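Participant: Could you have a look at this structure, given as structure tokens, before my questions?
None of the figures in this text is laboratory data; all of them are computed from the coordinates on show. Model, not experiment: these values are computed from the prediction. Cβ placement follows ideal geometry from the backbone for every residue including glycine, while neighbour counts extend to all protein chains displayed.
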Amino acid sequence: MKKFSFFNKISTKIAMSFSLTFVLTLLVLNLIIYISVTTHTNTLEQSLVIARKEVILGEVNNILSSSPRLGEEEISNIIDKATSHRDQIYVNFKFPNKTYQSFKKISLPYTIDIDQVGEYHFIKLKKNRFFYLNTMVKAPSGEKIYIQLISDLKSSDSLIDALTSTMLLIDLAGFIFAIVTGVFFAKKTLKPINSIADTAELINRHNLNKRIEASNHDDEIGRLIKVINDMMERLERSFENQTKFISDASHELRTPLSIINGYVDLLNQWGVGNKELTEEALSSIKEEIFNMTDLMEKLLFIAREENTRYNLNSTDVDVPSLLKRVYKEFKMIDKKHAYSIHNIPEFHGFIDEKLILQAVRAIIENSIKYTPKNKQITISCEKGKSHFKIIVSDEGIGIPKKHIPKLFNRFYRVDEARTKDTGGNGLGLSIVKSIVDIHNGNIFIDSEVNKGTTVTLKLPIQ
Ligand SMILES: Nc1ncnc2c1ncn2[C@@H]1O[C@H](COP(=O)(O)OP(=O)(O)OP(=O)(O)O)[C@@H](O)[C@H]1O
Ligand SMILES: [Mg+2]
């Protein structure tokens, strides 16, 4: 069996597309989480700083309501109070020209000029981010007090960093998980396809009976298996029919050939001088050649009909006239039976005249073969709305009921013993059935032993 490379396998392709879709979805989700968490923390930090600014301004205004300016000690107190919280918010004051810083020890540079009132910015210094907010209050003395609040975003940033790395780890684990489960499920789902291929590889003309193990899945693959098994069934039947047909045909040809061979041997042995023997041999050889030609014609018809689907050459045919012609023809060549024709309405049918004539003749030939001397053979006809019927009845030996369904099988004869004298290969009715089938019609046989047989062809008018 052909082995496919890993990347050519459908299971790999399914697993890969499944995993990629899964991971892409995960990444998009993570991105959304990342953006909303960062925005949320920034807003939170911002509002914390703004709240702190309000507190500081409240205190400054409180002092200024009773004093015209701020003293150094008061500024230090405000700075200490404002920065005593756990969060890392630093405060700078500039008043009047002197600066006061709450973070002398960590030496944070003035990235944003303290005089730029009302501005706020997120600034990245080295690896850390800071949030700057500048504000200004006017003392009753007219001097300006500049205040700057700086929030160190280290802790929320490290939280976001931790979140990001956790999300990336989850993405990686998700990707691996998706590949493993994807490969597992794809393999499980596609396993029956491999079993279909394995079975198909085993099938050749010697073991057409092989079937794919029926799947109990009610899905597309289950249906595929059923369709393939049904197709194999039909192929097997058709192959069996072909084989049987060939062996039956060879068998039928063997009889006339061995008779001819026997007479040729006799002539060889006794010489052509024996007039009586020569005449008997020649007439028998002629008869067998006639039989063989007849058989060959039937076989050719079947082969042609089977291989190419016969091309109907239908025309508007005056069916009653056709039947009258057949009636006259048989009345003339067969003097042993009494013929009658009746019930002939006027109508036309759209049929292949040559084929229907062949079918009617085959049915009448059967009646002749299986009807005792002087008995009646009747041809009649009925016309319905969409169909018409051609009916041939005889007063012959009849056919036992159990044989009737098999009469259309090729080479089927009711009883070898009774057909021995009459000859025939058991192909006539199977050919009649094919002709009726390609006309989209039906054939019915009604028979009673020792009473007679009625064969009805029901054909569409159009
Ligand atoms: N009218 C009939 N009366 C009695 N038996 C019939 C009649 N028509 C057909 N049969 C039986 O049905 C069998 C099949 O008929 P079919 O026409 O297929 O073959 P056949 O007449 O034996 O040979 P072939 O038609 O090939 O020369 C016959 O062998 C015969 O036993
Ligand atoms: Mg026949």
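Participant: Taking the convex hull of the Cα atoms, report for the range 154-299 its projected area averaged over all directions, in nm².
Facilitator: Projected area, direction-averaged: 15.6 nm².
Participant: Can you give the extra length, in nm with one decimal, that the chain gains between residue 57 and residue 122 once fully stretched, where that is 0.36 nm per residue apart less the Cα-Cα distance?
Facilitator: 21.2 nm
Participant: Rounded to the nearest 0.05, what FRET efficiency do residue 214 and residue 329 give with R0 = 51 Å and r taken as the Cβ-Cβ distance? Could you check?
Facilitator: Working: r = 56 Å, r/R0 = 1.11.
Calculated transfer efficiency: 0.35.
Participant: Output the Cα-based Rg and Dmax of the range 232-321 in Å, rounding Rg to one decimal and Dmax to a whole number.
Facilitator: Gyration radius and largest Cα-Cα distance of the range 232-321: 20.0, 61 Å.
Participant: For the range 373-446, what is the largest minus smallest coordinate of the Cα atoms on each principal axis, given in angstrom and ordered from greatest to least?
Facilitator: 43, 30, 20
Participant: For a bin width of 5 Å, list the pair-distance distribution of the range 6-165 built from all Cα-Cα distances, rounded to whole %.
Facilitator: 2, 8, 15, 17, 14, 10, 7, 6, 5, 4, 3, 3, 3, 2, 1, 1, 0, 0
Participant: When you have a sec, figure out the Kirkwood radius of the range 247-294 from all distinct Cα pair distances and drop it here in Å to one decimal?
Facilitator: One over the average 1/r among Cα pairs gives 11.2 Å for the range 247-294.
Participant: What net charge do the residues around residue 367 carry, taking every other residue with its C-beta under 10 Å from that of residue 367, with Lys and Arg at +1 and Asp and Glu at -1?
Facilitator: Net charge in that neighbourhood comes out at -2.
Participant: Give me the distance in nm between label points sitting 7 Å out from Cα along the Cα-to-Cβ direction at residue 415 and residue 72, one decimal.
Facilitator: With each label point 7 Å from Cα toward Cβ, the separation is 14.3 nm.
Participant: So what's Rg/Rh here for the range 147-187, counting alpha carbon atoms and using the Kirkwood radius for Rh?
Facilitator: Details: Rg = 18.9 Å, Rh = 13.0 Å.
We get a ratio of 1.46 for the range 147-187.
Participant: For residue 197 paired with residue 16, estimate the spin-label separation in nm (one decimal), with each label point 7 Å from Cα along the Cα-to-Cβ line.
Facilitator: 1.7
Participant: In the chain, what is the volume of the convex hull around the alpha carbon atoms, normalised per residue and reported in Å³?
Facilitator: 310
Participant: Quote the FRET efficiency, to the nearest 0.05, computed for residue 229 versus residue 180 with a Förster distance R0 of 25 Å and r equal to the Cβ-Cβ distance.
Facilitator: The value I calculate is 0.15.
Participant: Also, I was wondering about something else. What per residue convex hull volume, in Å³, do the alpha-carbon atoms of the range 311-460 yield?
Facilitator: Here the figure is 107 Å³ per residue.
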